[in-house]
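Note sheet for the following structure.
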Amino acid sequence: MRAKILSTGSYIPERVITNFDLEKMVDTSDEWITERTGIKERRIVADNQATSDLAYEASINALKKAGLTSQDIDLIIVATVTPDMLVPSAACILQMKLGASKAVAFDINGACTGFIYALSVAEKFIRTGAAKRALVVGAETLSRFTDWTDRSICVLLADGAGAVILEGTKKDEGIKVIDIFSDGNMWDFIHMPAGGSKMPVDETVLKKRLNFIKMRGNETFKVAVKTLEEVVVATLQKGGIESSQLNLLVPHQANIRIIQAMAKRLSLPMEKVMVNIDKYGNTSAASIPIALDEANESGKIKKGDNVMLAAFGAGLTWGAALIKW
Ligand code: ACO
């Protein structure tokens, strides 16, 4: 048995912050941000919204499209690095909001690779029969952990949520290959120093602004390009297809230059690569399911297509999935 994606859904917060808005907040320019990242604008949550609220909207959207109710779901996994609170999980809060009383619910922290991590776990539940229908969500409110005085990071991060419903299938369709990887040696490339058990928040932390995400962007960039190409090549090989047989690559939306470099190394024309970073920025675990939903809704994916998901992020973590739609 394989796991297949029954439906996709997403939710994008209403508030837009453009590069021109950021020009008024930090020493940056629309030109720098566009050229270096590909981002033109991003979405930010309302004051009364938390991660589970975004996850809820994306989940309802996916459930409706599948013609299901929350009672049909027996597994909920939320991929996030920005849960509503440290305890309990965002997934349990989402379960309550959905009224999904038959589901077991938990979070996964795989940073920007989080959605592929969650999909990988859910796929095993479905394949082994431990779950019948899974709701897999990537949801983030990175704006709450962004230092809006630090130009090296505040131009990148954003909020949003995407979701998919998984079900078992005996046909030649669904997730053919899914592999996830980690290397903790480079944990400090992207991290939030305070707010966990190592450095609880106190006055010094607040003064030094250590309760925000920090990134060694340039070093991360170099590892990301190389690793993403390698993981996609390995996944294609495992799936027994050439890159020319791929119909769509849906990469994590961290930087347009990473995406373009990856496409070039794989000899993939950009028409076969899903890009929406210009509108939404880097939404970490939410970026792939949002892009997948947009591709699905706009008719970019057809039944039988070979679709590749690939991500790289803090941890370091990375992974890819080959899906026959
Ligand atoms: N506006 C203007 N100038 C800026 C800005 C800004 N917003 N940010 C940095 N600069 C300056 C720097 O200070 C530096 O100036 P200097 O040359 O005078 O020292 C110059 O621009 C170049 O800085 P770099 O950091 O070398 O710029 P780079 O081209 O590497 O772009 C970026 C930075 C966009 C962060 C890029 O490195 C990147 O995308 N990295 C990878 C991100 C990634 O993949 N992350 C993983 C997922 S994220 C997650 O897991 C949450």
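The values are calculated or read from the model by the stated rules, or taken from the named source; none is laboratory data. The structure presented is a predicted model; accordingly, all values stated were derived computationally and were not measured. Glycine gets a Cβ as well: all are built from the backbone with ideal geometry, and neighbour counts include every protein chain shown.
Under the condition of being crowded, with 17+ Cβ neighbours inside 10 Å and in contact with a helix residue (DSSP H, G or I) (Cβ under 8 Å, 6 or more places away or on another chain), which residue from the range 222-240 is nearest to Ala311 (Cα to Cα)? Don't jump to the end; show me each part of the working.
Initial filter on the range 222-240 (crowded, with 17+ Cβ neighbours inside 10 Å): 224-225, 227-229, 231-232, 235-236, 239.
Adding the requirement that they be in contact with a helix residue (DSSP H, G or I) (Cβ under 8 Å, 6 or more places away or on another chain) leaves 224-225, 228-229, 232, 236.
On the way: Ala224: 9, Val225: 10, Leu228: 7, Glu229: 10, Val232: 10, Leu236: 15 Å.
Checked the range 222-240; the qualifying residue nearest to Ala311 (Cα to Cα) is Leu228.
Test Arg151 against the criterion of being within 12 Å of the ligand (Cβ to nearest atom), among the charged types (D, E, K, R) and either in contact (Cβ under 8 Å) with a residue 24 or more places away in the chain or on the phi > 0 side of the Ramachandran plot (or both), and give yes or no.
On the way: within 12 Å of the ligand (Cβ to nearest atom): yes; among the charged types (D, E, K, R): yes; either in contact (Cβ under 8 Å) with a residue 24 or more places away in the chain or on the phi > 0 side of the Ramachandran plot (or both): yes.
Yes: the conditions hold for Arg151.
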### Message
Name the single residue that is farthest from the ligand (Cβ to nearest atom) among those in the range 181-223 being over 29 Å from Ile259 (Cα atoms) and hydroxyl-bearing (Ser, Thr, Tyr).
### Response
Thr204
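Looking at Leu135, Leu142 in this structure, which one is within 17 Å of the chain's Cα centre (by Cα) and within 12 Å of the ligand (Cβ to nearest atom)?
Values: Leu135 fails: within 12 Å of the ligand (Cβ to nearest atom).
That would be Leu142, the only listed residue that is within 17 Å of the chain's Cα centre (by Cα) and within 12 Å of the ligand (Cβ to nearest atom).
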### Message
Restricting to the range 223-257, name every residue that is under 30 Å from Arg43 (Cα atoms) and charged (D, E, K, R).
### Response
Lys226, Glu229, Arg257
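Residues checked against (1) within 16 Å of Gly9 (Cβ to Cβ); (2) within 16 Å of the ligand (Cβ to nearest atom):
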{"residue": "Thr69", "(1), (2)": "yes, no"}
{"residue": "Leu75", "(1), (2)": "no, no"}
{"residue": "Ala100", "(1), (2)": "yes, no"}
{"residue": "Phe115", "(1), (2)": "yes, yes"}
{"residue": "Ala118", "(1), (2)": "yes, yes"}
### Query
Among Leu268, Leu206, Leu236, which is hydrophobic (A, V, I, L, M, F, W, C), modelled with pLDDT of 95 or more, more than 26 Å from Asp159 (Cβ to Cβ) and part of a helix (DSSP H, G or I)?
Leu236
## Note on the structure
When every residue in the range 8-48 that is out of contact with any Asp or Glu (no Cβ under 8 Å at 6 or more places or on another chain) and in a loop (DSSP other than H, G, I, E, B) is compared, the one nearest to the ligand (Cβ to nearest atom) is Thr28
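Here are Ser298, Ser267, Ser244, Ser287: which of them is within 16 Å of the ligand (Cβ to nearest atom) and not assigned by TED's automatic domain parsing to the domain that holds Gly114?
Working: Ser298 fails: within 16 Å of the ligand (Cβ to nearest atom); Ser267 fails: within 16 Å of the ligand (Cβ to nearest atom); Ser244 fails: within 16 Å of the ligand (Cβ to nearest atom).
Residue meeting the stated conditions: Ser287.
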